Every structure is written in C-alpha cells, then in structure tokens.
Amino acid sequence: MKRESFKSRLGFILVSAGCAIGIGNVWRFPYVTGQNGGGIFVLFYLIFLVCMGLPVLTMELAVGRASRKSAVMSYKALEKEGSKWHIHGWIAMLGCYMLMMYYTTVSGWMVAYFFKFLKGDFTSGMNTDDTAAAFGNMLAEPKQMAFWMIVTVVLGFLVCSRGLQNGLEKISKFMMSAHHCPCGAQYHAFRGVGRSEILSCSKSGCGL
C-alpha cells in the first residue's frame, strides 16, 4: 500500500503547528502565565522553547523526512547496525499513548464547553465564581466527562479513517483557521458574552 503524502505545503505547516503547539497552550497557558509573573514567564518560555523545543522539532522533522516511516521503523531504518536508537522510537510511541489519556480528557472538556455555550449556559454577567462552579460541576460528573471523551475519540477515529489528505490535512486547515478566527466562540465564552452578541458580531464582521 502506497503511503500518502501531504497535498500542499500549507497543509504540512498547519498539521505540524497543530502538533507542536499542544492543547496546553490553548487552555492552560493564559492563566499559568498570569499566575507566574506575566511577561517574564513568557520570556523564559520563549527561551526554553528555542533552546529545547526547536532542536527536538528539527530532529523529528529530519528523522521523518529521511526515513518516511513510523516513529519506530524510522529509527530502525536510519540507525547503525547494532545501535539501540530504535528504543527511543518505542518510548516515543509509549509517550503518545500516555498523552492521549490527557488530550482526550481535556479535548472532551472543550467540546463540552462548546456544547454548553450553544445551549446558553454561559451568559453575560458571569463572574469567576460562576465559571469556577460550572467547571467544578462538570468534574463532579464522571459520566458526563466520559461521554465527551468518547465523542472526542470517535471524532478522531473518523478523521484518521479518511486518510492523510482528505482527513488530517483537510480538518487541520479548517480547525487551525477557526482557532485564529477573531470571533471564535471560545474567545467570547471566556469573556461571558451571550449567544445573541456572538450572532450580532458574526453578522457585522466585528474585530473584537
């Protein structure tokens, strides 16, 4: 079976960005920054990103481009005979499975919040205590969290089942564009804006 490749350079860049940014930068980074000094925290974050994150990203791209194989098989294809670099490939696979426990849970929270937003559970005038209570109530209902986690996993399987170009690349273009939309629902949900204001904003093309 012939392996698929990316249809466009933009698709590759967006998929790579989606993998590299990580879900923690979407939901956790803002308040962690506020709790740890603001600008100085961002400065050190960028320093460590350049010193540690960039070399790892470059290494991953180089190994993948040279071998065009999976994480485990790429090391086996490139390593010298008798070396043990392929063990790192297995560790990387294990890390991915461990990350999925976290990613699917938090992604389920985000889908649940989006659904609650559409229902009107988040309204204008909500304060920090109200939003904290909404989060606490969700954590107190394991069945609800399990349901949204399963929804996230099923959606992920559906995307992957369509292949690289028609699945992952296409959905990444859409999701990354939606993530940077200035009238995104997530942005306004955390500001406590009601649905009528969102609709008004989207119709008028506001730049909030």
Residue span Lys119 to Arg162: 0.36 nm per residue of separation minus Cα-Cα distance leaves a gain in nm of 12.4 nm
Point-charge dipole on Cβ atoms (K/R +1, D/E -1) for segment 1-138, about Cα centre, debye to 20
760
Spatial separation of Cα centroids for segment 26-57 and segment 148-166, in angstrom
30
Over all Cα pairs of segment 1-96, how is the pair count split among 5 Å bins, expressed in % and running from 0 up to the last occupied bin?
2, 10, 14, 20, 17, 14, 10, 7, 4, 1, 0
Across every pair of different alpha-carbon atoms, what Kirkwood hydrodynamic radius in Å does segment 21-156 reach?
18.4
Which one, Met59, Val32, Ala77, projects farthest toward the positive side of the charge dipole computed for segment 1-79 from Cβ point charges (K/R +1, D/E -1)?
Ala77
Log entry: pair-distance distribution for segment 1-53, C-alpha pairs binned every 5 Å from zero, whole % per bin is 4, 15, 17, 21, 14, 11, 7, 5, 3, 1, 0
Counting only DSSP loop positions in segment 1-89, the GluC sites (Glu not before Pro) whose Cβ has at most 12 other Cβ atoms within 10 Å are Glu81
Trypsin sites (Lys or Arg not before Pro), restricted to segment 1-106: which are DSSP loop and have at most 16 other Cβ atoms within 10 Å?
Lys2, Arg3, Lys7, Arg28, Arg68, Lys69, Lys80, Lys84
In terms of the ratio Rg/(2.2 N^0.38 Å) built on C-alpha atoms, what value belongs to segment 41-85?
1.51
Place +1 on the Cβ of every Lys and Arg and -1 on the Cβ of every Asp and Glu in segment 28-184, take the dipole about the Cα centre, and give the residue among Gly120, Leu139, Thr105 whose Cα lies farthest towards its positive end.
Thr105
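Values quoted throughout were computed directly from the atomic coordinates according to the rules given, and no laboratory measurement underlies them. What you see is a predicted model; the values in this text were computed from it and never measured. Virtual Cβ from ideal backbone geometry, glycine too; neighbours counted across all protein chains shown.
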